[in-house]
Amino acid sequence: MTQSPNTLSSKSLYTATAIASFSRQNTQYSDFPYQFLSFQQDDKIVVTRELSSGSQQASFIFGYCAQSPSIQGWFPSSFICQDEHQLTYFSSPLPDLCRFENRVVPRLIQQLSELIRRQAEKVGIFRMPGNMNVFKQFTDDLNQSMQLQNTDQLDVYDACTIFKYFYKELPQKMIKAHMCPALQKHIQARNYEAAAQILEQIETPEEFINYRFLMDTLYYVTQFSKQNKMAAENIGMFLYAWIIEDAPDSEKLFIQLIEMQPELEFEMNKKFEKMSPDCPLDLVPWREQYGSIEQYQAQVKNEFKSEIATCLRVKKGDQVTVLRQEAGWALCDKNGFVGWVPLDAIE
């Protein structure tokens, strides 16, 4: 079935250059049920979706030519070469990254966090910069292979640098500016339950899970502040601008969120089971998500939210595109985010 581009995310993951011309008439792809993009060698290509995090030779990519953005389609990744100096792993939206890896917390973040926790007492952790040559080599290798290699050979300062840049490069910040006034009010009043309810408004389940994982790691580091000289206020000043949208006193708020993470986590955990970072998601592969049924538009009649990363958080009145139905569930696309919603929650 031909894929409709408007059901897919239009967010740019990275740009690339065509190393060979491609069209649907390429013999080996002529029978594939995809809407293909045609382009000429040396054309600039904007990539907006990848189907596989495995072999680059085996994966398909969705995007458009920079000179003709209205014409979109699929093509094999082997026909393009990613432009240099782009951290594609870092610039992917968290929901996409989690789904590519079939994990709850990105493997990169889990492994870096484990390394940071093992050396949390080191002085200046998160403050002292890592070796930028090591950083560049690590990210170059990561972007070339899409696999983590030699993580254990990093020292803790290199790990913290990569960890920080990961959150800096995310396309959107987890805590929105409109959430800050209520958060500040409830934090100041030590009303942890109400503050936790505000944090539950973090836009996607994947971001909500990763926010909690991040804050657990930062709080753990502050428990060694006598040795590492990195209390919450020291860590907060280096990270707050990458997690919270610009708002009054956002640095102070982030510091308080670190300090009160155990109390907030206790309240959040009443509603949401804390999932293991390496918990498999059992998500339908991207390649199979589209075309199983005739797609249609639907409206959400009942709010639905779940911390299970394969589910899509929706509110009453949201408009979604139904991509697939299975056993009482609908695979829905909401503004480029894809996940499962109970059939009885939509109409």
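Only the coordinates and a few stated rules stand behind these numbers; no lab work does. Here the structure is a predicted model, which is why all the values come from computation and not from measurement. Don't worry about glycine lacking a Cβ; one is built from the backbone with ideal geometry, like all the others, and counts go over all protein chains shown.
If you stretched the chain out fully between residue 241 and residue 119, how much longer would it get, using 0.36 nm times the residue separation minus the C-alpha to C-alpha distance?
Numbers: separation 122, 0.36 × 122 = 43.92 nm, distance 2.47 nm.
Contour length minus the Cα-Cα distance gives 41.4 nm.
Could you run the Karplus curve 6.51 cos²θ - 1.76 cosθ + 1.60 with θ = phi - 60° over region 163-176 and give me ³J(HN,Hα) per residue in whole Hz, x for Gly and Pro?
4, 5, 5, 4, 6, 5, 7, 4, x, 9, 7, 6, 9, 7
Report, by chain and number, residues whose modeled amide H sits under 5 Å from the one on residue 202, excluding near sequence neighbours (fewer than 5 apart, same chain).
So residue 202 has HN proximity to no qualifying residue.
By how many nm would the segment from residue 169 to residue 347 lengthen if fully extended, with 0.36 nm per residue of separation less the alpha-carbon distance?
Values: separation 178, 0.36 × 178 = 64.08 nm, distance 3.69 nm.
Separation in residues times 0.36 nm, less the Cα-Cα distance, equals 60.4 nm.
Sorting check: for 233-245, 203-215, which peptide has the highest mean count of neighbouring beta carbons within 10 Å, and how do the rest follow?
The peptides rank, most packed first, as 203-215, 233-245.
Taking amide H positions as placed 1.01 Å from N in the peptide plane, with prolines and chain starts having none, which residues 5 or more places from residue 346, or on another chain, fall under 5 Å of its amide H?
301
Past 28 Å, Cα to Cα: identify those pairs from 252/316; 168/229; 173/334; 176/316; 168/334; 229/252, in the order given.
Those over the limit are 252/316.
Given the Cα-Cα distance of residue 136 and residue 266 and 0.36 nm per residue of separation, how much length would full extension add, in nm?
43.0 nm
Points 7 angstrom from Cα along the Cβ direction at residue 319 and residue 216: gap in nanometres?
According to this spin-label approximation, the distance is 3.8 nm.
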